[in-house]
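For reference, the structure is listed below as structure tokens.
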Amino acid sequence: MEDRMLQIAPNERREILIAYSKLLRASSGILKWEDVKQIRKAIELSLDKVGLERSPSGKLSVLHSLEVGRIAVEEIGLGRTSLICALLYEVLRRSGASVEEIKQQFGEQVANIMDGLIKVFDLYQRNASIQSENFRKLLLTFAQDVRVILIIIADRLQTMRSLDLYNPELQLSISSEVSYLYAPMAHRLGLYTIKSEMEDLVMKYTNRDMYKFIAKKLNETKRARDKYIKEFIAPIQSELEENDLKFDIKGRTKTIHSIYNKMKKQKVEFEQVYDLFAIRVILDSELKSEKADCWKVYSIVADKYQPNPSRMRDWLSIPKSNGYESLHTTVLGPENKWVEVQIRTRRMDEVAERGLAAHWKYKGVKGDQGLDHWLANIREILENPELNAVDFIDDFKLNLYDEEVFVFTPKGDLIRLPKGATVLDFAFDIHSEVGKKCIGARVNQKNVSIRHVLQNGDQVEITTASNQAPKQDWLNVVVTSKAKTKLKQALREIQYKESELGREMLIRRLKNWKLDINDQLTGLLVKHFKYKSTNDFFRDIGIEKLDVVAIREFIQQQQKKETEREQNEIAQGVRSAGNFVSPQPEESEHSGDDVLLIDKNLTNVDYKLAKCCNPIFGDDVFGFVSVSGGIRIHRTNCPNATEMRTKFSYRIVKAQWTGEAAGNYLTAIKVIGEDDIGIVSNISQIISKELKLKMRSINVDSKEGLFEGTVSVFVNNNQILNTLIKKVREIRGVLSVSRIDAIG
């Protein structure tokens with residue numbers, strides 16, 4: 001170990017020693033002397049096997065491993081086994097070390113987790129695109145031992161924290177993957193702090209301007225916000241002390257990502273987002289008196305400030321399925337500002353911050369079964385061999401960010417379902433056979449259809465019929481991944497039976513007409529009758545949607561053409577089909593790492609500017625190969641960029657503008673300001689007279705003393721657009737100006 005350390009630059013040696021010290025401090029409460037020796041052995045193995053190798057950020061791999069290990073212990077709350085696995089992850093990724101070698105040195109438990117980690121790495125090596133059959137295997141590995149995903153989440157978090165050291169292309173790729181999969185997964189596993197940090201960091205690299213804007217605004221308003229929090233807390237703190245409660249009380253600013261989501265959802269500017277922060281009361285309570293103490297605090301808060309009944313959230317009585325317990329209320333504070341107050345105990349706060357690790361630490365506390373049930377459900381879905389990963393990924397994500405409703409069986413058993421779940425979802429949750437035969441239900445003693453959306457507290461009794469069968473439109477009725485998966489499986493079984501029936505029917509009828517069918521002829525028939533697959537073709541014969549007589553006529557025509565062709569070949573001495581060699585397909589012009597250069601006329605390749613983000617000359621862009629074969633040019637911060645990069649990374653093409661800016665690009669800006677009759681005239685004057693731009697349209701809507709306008713203009717490049725935004729922003733009475741992605 002000492003020899004290896006001497007080969008490392010002095011400043012990096014110091015970094016490694018600091019990271020090692022931090023790791024030991026973070027894990028001091030869970031380690032014995034034997035464990036420390038194991039950790040030293042893991043670091044020595046890392047230095048021996050990967051030595052001076054570096055991650056794409058330029059950091060030494062061993063330093064990255066130490067930082068991941070600290071996150072696993074300190075921020076996720078994992079134990080010694082997971083810590084050793086986190087330290088060894090880079091060793092397996094970057095060296096020839098085997099799982100068997102790890103087993104001999106560190107034991108079977110470490111080896112089992114490492115086996116899961118290396119499977120994940122192998123999947124990424126084969127196909128980095130998430131939307132593939134590999135994704136199912138990836139999640140199956142996670143579900144078998146959830147420590148695998150927790151270590152991967154720690155690894156991804158550390159990567160995101162050092163993402164400024166990566167090149168721009170990798171920044172976008174990694175951010176997209178984290179946004180698409182790992183932030184939602186962290187949320188579902190109860191790791192709220194990590195999920196929030198991931199979302200903020202993703203935004204920092206995918207929507208830089210908005211991130212900087214909100215961060216600057218938060219910094220400017222910090223002093224006033226801190227003063228308000230102090231004033232709000234003071235009377236509550238005094239009352240809690242008088243009631244002999246042991247507590248901590250603090251205010252925390254909401255994340256940049258959550259503030260941006262509120263701005264988008266509520267369609268307001270930063271200044272109009274009222275709940276920029278939340279107050280949290282954390283109690284030191286005995287387990288048996290936790291709920292009573294929380295409600296006592298609620299009573300004190302409600303006495304001091306008027307609560308908003310519609311914003312009350314009780315996760316004490318029935319915790320979320322990821323173990324989250326808390327009492328949330330929104331009250332009217334000083335200066336008539338709404339403030340969110342969260343009330344929980346120390347144990348509940350640890351579960352909220354640490355998620356899964358704390359969930360297992362407090363095993364046996366009511367509410368801990370939800371996460372186990374979710375993981376078991378995921379295993380059941382994933383282990384279905386007929387599952388199509390392309391269909392599964394979107395269904396799976398539905399259940400990552402779910403809000404929940406709680407409903408009851410006739411016997412009083414509690415069933416958790418995502419918000420928006422229907423009677424049919426409930427039926428499939430009980431059993432797939434119940435779902436297939438479902439014709440409706442009695443909800444609270446009233447008859448309802450399978451489409452009925454369930455509400456909190458409903459008592460549900462499913463009604464079935466033996467002659468009922470699943471239907472295609474049921475896929476629009478269900479929302480849970482379990483119901484969708486089971487339903488698709490049932491529909492495939494029905495379609496397969498209909499397809500086999502159609503195949504037998506066609507063979508029998510053709511035999512009567514003394515005609516034969518083979519695979520080549522079947523392919524021609526599928527193409528001629530415009531079907532997507534042979535199964536669809538045979539199925540339509542089975543359900544008598546396709547006339548067999550039309551098939552007979554086509555086969556007879558093909559036979560006639562074949563006979564004529566053979567006669568012509570014999571007459572002309574044409575080479576036989578056996579000597580014919582099909583031409584090799586041309587190599588795709590988009591293969592490799594070439595950059596697609598976009599010229600001013602956009603004529604050198606078949607591509608168009610995407611309507612969802614309307615790129616203009618000068619914007620950072622990329623190409624996306626569409627199903628039709630053409631290429632769509634998107635901005636790198638296009639609203640759809642994350643999904644395209646994660647689901648279809650193999651269709652992404654590097655692109656950049658070339659030559660001089662020329663031609664007109666349609667774009668639009670949104671202007672919000674005080675409702676002044678002269679403001680529209682001033683905007684028009686800047687566009688037409690000062691900048692000499694062609695304006696296509698301007699739409700203005702006034703409400704409560706404010707106007708909101710949308711202006712569509714033609715510009716040569718993004719510099720002119722930025723100049724326009726700057727000049728309009730300087731107009732007196734204008735509150736905000738922003739570029740619009742999609743133009744109607």
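Quick note: the coordinates plus some simple rules give every number you see, no bench work behind them. Remember, it's a predicted structure, so these values are computed and weren't measured experimentally. So basically every Cβ, Gly included, is an ideal-geometry build from the backbone, and we count neighbours across all protein chains shown.
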Distance between the C-alpha centers of the stretch 679-726 and the stretch 416-473? Whole Å please. 52
Across 5 Å bins from the origin, how do the percents of Cα pairs in the stretch 214-343 run, short distances first? 2, 9, 19, 22, 20, 14, 9, 4, 1
Counting Lys and Arg as +1 and Asp and Glu as -1, each charge on the Cβ, what is the dipole of the stretch 410-454 about the Cα centre in debye, to the nearest 20? 160
Taking 0.36 nm per intervening residue step and subtracting the Cα-Cα distance, what contour gain separates Arg14 from Gln719 on full extension? 249.3 nm
Size of electric dipole in the stretch 491-573: Cβ of Lys, Arg +1 and of Asp, Glu -1, about Cα centre, debye, nearest 20: 140
Rounded to two decimals, the Debye log10 I(q)/I(0) of the stretch 665-740 (Cα scatterers, no solvent) at q = 0.25, 0.27 Å⁻¹ is -1.23, -1.44
In this model, which of Lys32/Lys250; Lys32/Lys119; Lys212/Lys726; Lys254/Lys320; Lys265/Lys488 are farther than 28 Å apart at the alpha-carbon? Lys32/Lys250; Lys32/Lys119; Lys265/Lys488
Modelled FRET efficiency - R0 51 Å, Arg208 with Ile543, Cβ distances, 0.05 increments: 0.40
Value of D in µm² per second that Stokes-Einstein yields for the stretch 491-573, Kirkwood Rh from Cα pairs, at 37 °C (0.692 mPa s): 239
